[in-house]
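A short worksheet on the structure shown next.
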Amino acid sequence: MTEKKTSLYENGLIWFGAAVSIAEILTGTYFAPLGFSKGLLAVFIGHIIGCTLLFFSGVIGGKTGRSAMDAAKMSFGSRGSILFALLNIVQLVGWTAIMIFDGAVSADSIWGIGMPIWCVVIGGLIVLWIAIGIKNLGKLNTVAMAALFILTIVLSIVVFADGGTQIISDEAMSFGAAVELSVAMPLSWLPLISDYTKDAEKPVKASAVSAVIYGIVSCWMYIIGMAATIFTGESDIAQIIIKAGIGIIGLIIVILSTVATTFLDAYSAGVSAESMFSKVSPKLVGIIVAVIGTFGAILFPMDNITDFLYLIGSVFAPMIAVQIADFYVVSKDSSSKRLDIVNLVIWVIGFVIYRLLMNVDIPVGSTLPDMVITFLLVIAVNKIRIGIRKK
């Protein structure tokens, strides 16, 4: 039986749901010290960088028909890719817990029945979403996304209706750090996008639709968070919802957005596990990840995720730089190898460079220069390899 392919519409829905997130709104609140104009510019620059990389990554998976971690085998070998699959599963478990935590805290602020109860409710809905399956969500996903779209507009109107200009935080944030924080969120999806574009009817268009829709909606979420802090003097989005008198509507936004986004994290953890062990069920692993994330959200505080975002950037920015160079320029496929040691060494160098660049205030952040250096390093090493072989 021919496997069902996902349409451009379905890909668009997936990435709309990925972007509508409490975590993205909360990250946007950190931009308030820059003021609205500079904060807006930082959001846009960061998302242009991050979503361009998201597109190139999606095309690799779409054109090869490989999941994100299967595609990593082309650059790092069958054994080398296991490292990134494991790191990806770890970050996805972390994301699942963070998203459930954020959603539960906000939901409990609106309707105080207990944060652990909300964790279980949200975790249970994520398990249901995974059980239904990404290719069978159909009308349910359409209804959920339509509700999110309408309700997020309501939230936007509430935030921008206040004419205040108060900035409640004196904490300094450089423009470069803000750009990097803006890049970090789309960058966190790099190890996932191919899990969804690999089954697309039109891989290049699906990658473009996914990156563009995610970029636009993610910017919107950041702006809501930033504007809420600047214009209302309140960085807690749940409190804004309560003050606006849209408690039930806000509660629906919180729950639906958390489920729609976190479902992708948990499901992709299953796909990454399948790339290591072919007999593993992605759905079963996804459900296990959702359960672990639920317990993690109940047991551990997860209020500030900036360090987590930067860690993701330092791991996956050089990884995708190596893949982009190999796929688009070098045209090298190491899938038949057990280990591509040269590319792994280049990745380590890229990782170290990223961590060093974090200590330097660069207007475009750390990701772009790190990826350019890593990209050029792959090409240079490949040319040296070719030169040695010719001799």
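Laboratory data are not the source of any read-out in this text; all were calculated from the coordinates shown. All values derive from a computational prediction rather than experimental measurement. With ideal geometry, Cβ positions are generated from the backbone for all residues, glycine too; neighbour counts draw on all protein chains shown.
Quick one: angle between helix 175-188 and the longest Cα principal axis of the chain, in degrees between 0 and 90, rounded to 10, please.
Orientation of helix 175-188: about 70 degrees from the principal axis.
Using per-residue counts of other Cβ atoms within 10 Å, averaged over each peptide, order 32-41, 187-196 from highest down.
My ranking of the peptides, most packed first, is 187-196, 32-41.
Kindly express, to the nearest 10 degrees and within the range 0 to 90, the angle between helix 36-64's C-alpha long axis and the longest C-alpha principal axis of the chain.
Taking the Cα atoms of the chain, the angle to 36-64 is about 40 degrees.
So, with +1 on the Cβ of K and R and -1 on the Cβ of D and E, and no other charges, what is the size of the charge dipole of the chain about its Cα centre, to the nearest 20 debye?
1960 debye
For the Cα atoms of the chain, what angle does the longest principal axis make with the long axis of helix 203-232, in degrees from 0 to 90, nearest 10?
Once rounded, one gets 40 degrees.
Viscosity 1.002 mPa s, temperature 20 °C: give me the Stokes-Einstein translational D for segment 1-131 in µm²/s, with Rh taken as the Kirkwood radius over C-alpha pairs.
119 µm²/s
Kirkwood Rh and Cα-based Rg: tell me the resulting Rg over Rh for segment 19-65, rounded to two decimals.
Here Rg/Rh amounts to 1.15.
Quick check: the distance between the Cα centres of segment 46-117 and segment 193-213, to the nearest angstrom?
One Cα centre to the other: 15 Å.
Over all alpha-carbon pairs in segment 240-323, figure out the percentage whose distance exceeds 19 Å. Working shown, then result.
On the way: 2116 of 3486 pairs.
Tail fraction, whole percent: 61.
How far apart, in nanometres, would the label points at Arg338 and Val204 be if each is projected 7 angstrom from Cα along the Cα-to-Cβ direction?
It works out to 3.9 nm between the two label points.
Using all alpha carbons of the chain, what is the percent of pairwise distances in each 20 Å bin, ordered from the shortest bin to the longest?
In whole percents, the pair-distance histogram is 29, 58, 12, 0.
Which entries in Lys283/Lys337; Lys198/Lys383; Lys202/Lys283; Lys38/Lys63 show an alpha-carbon gap greater than 27 Å? Intermediate results must be reported in sequence, preceding the final value.
Working: Lys283/Lys337 29 Å; Lys198/Lys383 30 Å; Lys202/Lys283 25 Å; Lys38/Lys63 38 Å.
Violating the 27 Å limit, Cα to Cα: Lys283/Lys337; Lys198/Lys383; Lys38/Lys63.
Using +1 at the C-beta of Lys and Arg and -1 at the C-beta of Asp and Glu, which of His47, Met221, Ala71 has the Cα lying farthest in the positive direction of the dipole of the chain?
It is Ala71.
Among Val378, Pro191, Ser257, whose Cα projects farthest towards the positive end of the dipole of the chain, with charges put on the beta-carbon of Lys, Arg (+1) and Asp, Glu (-1)?
Checked the options; the winner is Val378.
What number do you get for segment 1-46 when its Cα radius of gyration is normalised by 2.2 N^0.38 Å, N = residues?
The value comes to 1.75.
With point charges of +1 on the Cβ of Lys and Arg and -1 on the Cβ of Asp and Glu, referenced to the Cα centre of the chain, which listed residue (Phe351, Gly124, Leu339) lies farthest in the positive direction of the dipole?
Looking along the dipole axis, the top candidate is Leu339.
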